[in-house]
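Data block below; observations after.
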Amino acid sequence: MENKQIQENYRRISGTIAEAAVKSGRKPEEITFLAVTKTVAPELVNTAIACGITVLGENRVQEYQFKKESYTKGVPVDFIGTLQSNKVKYIIGDMRLIQSVNKFSLAQEIERCAAKLHLQQDILLEINIGDEDSKSGLQPGVLPELLTQIAELEHVHVKGLMTIPPPCKDTSFLQAMQELFLKTKELQIPDTEMRILSMGMSDDYAQAVQYGSTLVRVGSALFGARNYR
Ligand SMILES: *Cc1c(COP(=O)(O)O)cnc(C)c1O
């Protein structure tokens, strides 16, 4: 894809996000536009950064390790893909946020690696809001107890929730996620913030913002179609 096309896409998507933010009573700056970089060549990722992208999202540990040296320096990266515990050690210290924490044992491994390097790691918990067998992610019902357990981990800090809702014409899953986010915030669990709701991709980011998303993860609408997910 041409640089010019990416620039056009960036402007269009930013505009749509801003509109949806205002419609939901927020300021455009309150929504983070994260660029999902899986399968995208580093030159094009850097083009998106030059357009104004301020956070990248990586899905695969190996692909990230291969590409990271070519990225414009100083742009924070979030991990958004399925993460195996044995790979935490390769990305710890590199990630602004690990968005895809889906079990306590993974949080424990992040704690172990972060403690070893004397650093603090912010995370989101991934929720399987559609209760789909095909998706990893936590059942909403486990949140209160799990958050209380994670609060004990000294180097791991929950900043919110992430979800990949099932493809769906209506907005019921987005709404369910918004309700879960607000309900969880009310619990006021120690060392737990409900500040980030990571929800919305190329097909539903505008709707997601209307349902309270604070961070959208956009890949193909920015960079063009991929060969694989
Ligand atoms: C691929 C991916 C996205 C972006 O998907 P698009 O539909 O291309 O915008 C967002 N979040 C996660 C976790 C992904 O794996």
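Overview of results
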| quantity | calculated |
| --- | --- |
| Of the criteria (1) within 16 Å of the ligand (Cβ to nearest atom); (2) in a loop (DSSP other than H, G, I, E, B); (3) not β-branched (Val, Ile, Thr), which one His118 fails | (1) |
| Some residue of segment 157-174 being aromatic (Phe, Trp, Tyr), within 22 Å of Gly57 (Cα to Cα) and in contact (Cβ under 8 Å) with a residue 12 or more places away in the chain | no |
| Members of segment 97-131 that are under 19 Å from Gly200 (Cα atoms) and of a type in the set (D, E, K, R) | Glu126, Asp131 |
| Helices (runs of 4 or more DSSP H) wholly inside segment 1-111 containing at least 3 residues that are within 15 Å of the ligand (Cβ to nearest atom) | 3-23, 42-51, 61-67 |
| Residue check, Lys73 within 26 Å of Ile17 (Cα to Cα), basic (Lys, Arg) and within 18 Å of the chain's Cα centre (by Cα) | no |
| Criterion violated by Glu179 - all others in (1) modelled with pLDDT of 95 or more; (2) closer than 17 Å to Arg217 by Cα satisfied | (2) |
| Single residue of segment 200-218 satisfying the filter (within 15 Å of the ligand (Cβ to nearest atom) and touching a Phe, Trp or Tyr at 6+ places or on another chain (Cβ under 7 Å)) that is farthest from Leu153 (Cα to Cα) | Val218 |
| Hey, Ala221 within 12 Å of the ligand (Cβ to nearest atom) and modelled with pLDDT of 95 or more or not | yes |
| Every residue from segment 27-52 that is touching a residue at least 60 places away in the same chain (Cβ under 8 Å) and of a type in the set (Lys, Arg) | Lys38 |
| Residue, farthest from Gly212 (Cα to Cα), within segment 133-171, restricted to residues that are among the hydroxyl-bearing types (Ser, Thr, Tyr), more than 15 Å from the chain's Cα centre (by Cα) and modelled with pLDDT under 95 | Ser134 |
| Condition check for Leu197: within 14 Å of the ligand (Cβ to nearest atom), within 25 Å of Leu222 (Cα to Cα) and not polar (S, T, N, Q) | yes |
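Results for (1) surrounded by 16 or more Cβ atoms within 10 Å (Cβ to Cβ); (2) within 21 Å of Gln178 (Cβ to Cβ), shown as yes or no for each residue.
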| site | (1), (2) |
| --- | --- |
| Ser85 | no, no |
| Tyr90 | no, no |
| Leu106 | yes, no |
| Leu119 | no, no |
| Ile123 | yes, yes |
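The values are calculated or read from the model by the stated rules, or taken from the named source; none is laboratory data. The structure presented is a predicted model; accordingly, all values stated were derived computationally and were not measured. Note that each Cβ is placed from the backbone with ideal geometry, even for glycine, and that neighbours are counted across all protein chains shown.
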